Amino acid sequence: MRRFLAKSPWVYHLNTGSCNGCDIEIIAALTPRYDAERVGVKLVGSPKLADILLVTGPVTRQMEKRVKNIYEQVPNPKAVVCVGVCGSTSGIFDGAYSIIGGVDKVLPVDIYVTGCPPRPEAIVLGVLKAAGKLAAGTEKAGKKLRYGAQK
Ligand code: SF4
């Protein structure tokens with residue numbers, strides 16, 4: 001299994017019910033114009049390879065089990081970045097019969113990137129913040145291993 005590298009966070013993209021607007025911005029963030037790979041961000045095709053789950057859209061009832069299942073497949077340490085207003089609050093889908101709510105109704109969200117849709121620069125920044133959070137967590141865990149658990 002791949003060890004988490006703070007300078008090269010691997011990302012798995014998951015659409016839980018978005019209108020695809022946020023997803024297009026994620027694609028833009030990966031294209032040469034915004035070039036997320038320049039700062040080490042890499043999109044992977046399996047949650048088992050990812051460090052960060054990049055989630056768009058509100059969570060639909062049909063997606064709930066699948067979202068949890070995919071989250072479980074991401075190895076620890078892991079982080080969740082919620083992209084767009086719909087993922088944060090349900091946005092324009094709020095109150096719809098098929099919607100459970102924002103992503104944090106189902107998963108623990110680490111970073112919220114707001115906007116409808118957010119700019120590609122904001123998405124890249126959100127991923128880097130999540131990677132920083134993971135790096136801080138792994139450093140702390142490493143110190144505990146080296147020096148024994150301290151309160
Ligand atoms: S935040 Fe805007 S662009 Fe993103 S899924 Fe919701 S409506 Fe679509």
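With 10 Å bins beginning at zero, the pair-distance distribution over Cα atoms of the stretch 10-147 amounts to 13, 44, 32, 9, 2, 0 %.
In the elastic network of the chain, a GNM with C-alpha springs shorter than 10 Å, the most mobile of Gly40, Gly126, Gly102 is Gly40.
Which shape class, rounded, prolate or oblate, goes with the stretch 30-103 when its Cα gyration tensor gives a ≥ b ≥ c as root eigenvalues, a/c under 1.5 marks rounded, and past that a/b bigger than b/c marks prolate? Working shown, then result.
On the way: a/c = 2.82, a/b = 1.47, b/c = 1.92.
Judged from the Cα gyration tensor, the stretch 30-103 comes out oblate (a/c at least 1.5, b/c at or above a/b).
Taking one quarter of the surface of the C-alpha convex hull of the stretch 1-45 gives a mean projected area of 3.8 nm².
For Lys105, a cut-off of 19 angstrom between C-alpha atoms picks up these aspartates and glutamates, skipping any fewer than 8 places away in its own chain: Glu64, Glu72, Asp94. The angle between the Cα long axis of helix 21-30 and the main principal axis of the chain comes to about 40°, on a 0 to 90 degree scale. A dipole drawn for the stretch 10-147 from +1 and -1 charges on Cβ atoms has a positive end, and of Val103, Pro77, Gly132 the residue lying farthest that way is Pro77.
Every read-out reported here was derived from the displayed coordinates using simple, explicitly stated rules and does not represent laboratory data. What you are looking at is a predicted structure, and each value in this text was computed from that prediction instead of being measured. Positions of Cβ are backbone-derived with ideal geometry, glycine not excepted, and every protein chain shown enters the neighbour counts.
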